[in-house]
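The values are calculated or read from the model by the stated rules, or taken from the named source; none is laboratory data. Owing to the predicted nature of the structure, the values given are computational and were not obtained by experimental measurement. Cβ coordinates were reconstructed from backbone atoms using ideal geometry, including for glycine residues, and neighbour counts include every protein chain displayed. Heavy atoms of the whole protein, side chains included, go into the accessibility calculation; ligands, DNA and RNA do not. Shrake-Rupley method; radii C 1.70, N 1.55, O 1.52, S 1.80 Å.
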Amino acid sequence: MKIATICSVFLLFLFRTVDSSLAMNTVNFSVGVVLDFDTGFGKMGLSCINMALSDWYASHPNYNTRLLVHQRNSPTDVVLSAAAALELIKNVEVQAIIGPSTSMQANFMINLGDKAHVPIISFSATSPSLTSIRSPYFFRAAQNDSSQVKAISDIIQAFGWRQVVPIYVDNEFGEGVIPYLSDALQEIDVRIPYRSVISPTATDDQIEAELYKLVTMQTRVFIVHMLPSLGSRIFKKAREIGMMDKSYVWILTNAISNELSWFNSSFHMENMQGVLGLKTHIPNKKKLEAFRVRWKRKFQQDNPNDVDVNLDVFGLWAYDAAKALAITVEKLGNTKNFTYQKMNISGSSNDLERFDVSQIGPQLVQALLGTSFQGLSGDFSFVNGQLPSSTLEIVNVIGNGENVVGFWTPENGLVRNLHSTKSISRSPASNTSIGTIIWPGDTSSAPKGWQIPTNGKKLKILVPLKDGFNEFVNVTYDPSTNKTNVMGGYCLEVFEAVIQALPYDISYELYAYAKPDGEAAGNYNDLVNQVFLGVMFLF
């Protein structure tokens, strides 16, 4: 018994000695986290980052490096977020920064990281415009918004819609995707007759006025690209003024679809019945659900007052981004080179000009580009500094949730299920290959995408009056009513056939170019002049 006790004490002493030795040899790697911790989104991101490091180091106790997190609270103001990053770089000398939350904040922060050779890793700045900065120190641990425009154009082409109106927020995030969307739609000969731009600070009255403007137009297919906070207000007003009936089509980008859990009340979901959305596909749902349970328990312990915060794909990207950084830093080895090189700029008194430079920055960038693993969000790797395009789910909002009606993959386009390698034929009839969709107005019949507006103007078509050849154009005078009527003819039949074949509506009226007594009102030159004056169109 005594021998066993002595052995146990010896082994305990040995393990503690080994642990102490490992701890003494461990090198801390300073990392900044810049998020808005006053919001549920920021708290979710931080919790996922902390859990990623805790999980990874628990399963890899032999690592010689440890990420040491320095968090800074940053509201959505771009100047405050840039100031937080600047303070972390200059005073703490962090070697990398995870964040910020928005594309507008990232625009400022990327330039600071570029100067200091400090990688900026954002899991939620999705605007394509950020790639134009072309900084090797910017890593987007999220899907670029431009990666979904081909999926949107494939959906539109599958249903044969020929005109769409994008509704997007008036800032860098909203505007960034529009050039890519326009190009994708132009490739399939789909027009954008109008762009509805909504200020992020728009009042309810301003939103209502803009929506009423859309009601007066023919187009009934809308693509909504904005954050859920503004999107919920758009759909609330749209439902109030009757824009959620069976003639309308609403397509959400993943900016809203990825955060449908944000619409956690039946009231919000009730305003969105029948809309379609694109959502990032998470392949390992079982692994995700196991993590979700652990995360929910931990989050509620740390944030007992935040009961409405739900885990979404941005949290998974935050988790994977922190894990990628931990793996990458260990690749660099146990080194004392985690320091800054002093840069002396003569005659400079400006803090923004006096930047010291991270010595490990260039090596860290190259190592990050070579890091890949199977993360919570799926295959995780940086291709040209960002996550490559991945599978998207096509979801249909029904009741208090969403129903997956199809998928889009970069390889096969639209598919009914992921087990199929055959893409859906891109033709108007191909919509039958997608799962059953319940559209606005609780109908399973796909909207035609246009409607004659109540106050729409009709085209006035001028028809010439001439002798003979009535088989081509037949215009006759009725003495009993003193009216000249367009009766028909081959040319009129061809015109009407063309009108019927158009994928949108043209409302028109035929007018005989005649005097009250039934005589011709003029010759062809006179008739063409009426068209020139804008009074009539020539038939």
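Total residues in region 362-385 satisfying the condition of being in contact with a strand residue (DSSP E or B) (Cβ under 9 Å, 6 or more places away or on another chain) and not hydroxyl-bearing (Ser, Thr, Tyr): the figure is 12. Whenever a residue of region 36-57 is within 13 Å of PHE123 (Cα to Cα) and in a helix (DSSP H, G or I), its partners that are charged (D, E, K, R) and at pLDDT below 95, lying with C-beta atoms within less than 7 angstrom and at least six residues away or across chains, give the pairs GLY42/ASP36.
As for region 185-203, it holds no residue that is part of a helix (DSSP H, G or I), under 21 Å from the mean Cα position of the chain (by Cα) and under 25 Å from THR39 (Cα atoms). Within region 222-243, being open to solvent by 30 Å² or more (accessible area, probe 1.4 Å) and more than 16 Å from the chain's Cα centre (by Cα) holds for ARG233, LYS236, ARG239, GLU240, ILE241, GLY242. Considering region 123-150, and only residues there that are hydroxyl-bearing (Ser, Thr, Tyr) and either in contact (Cβ under 8 Å) with a residue 60 or more places away in the chain or part of a loop (DSSP other than H, G, I, E, B) (or both), the residue that is most open to solvent (accessible area, probe 1.4 Å) turns out to be THR131.
Of all the listed residues (VAL197, VAL215, VAL190, VAL164), the sole one being open to solvent by 30 Å² or more (accessible area, probe 1.4 Å), more than 30 Å from ILE98 (Cα to Cα), in contact with a Phe, Trp or Tyr (Cβ under 8 Å, 6 or more places away or on another chain) and touching a residue at least 12 places away in the same chain (Cβ under 8 Å) is VAL197.
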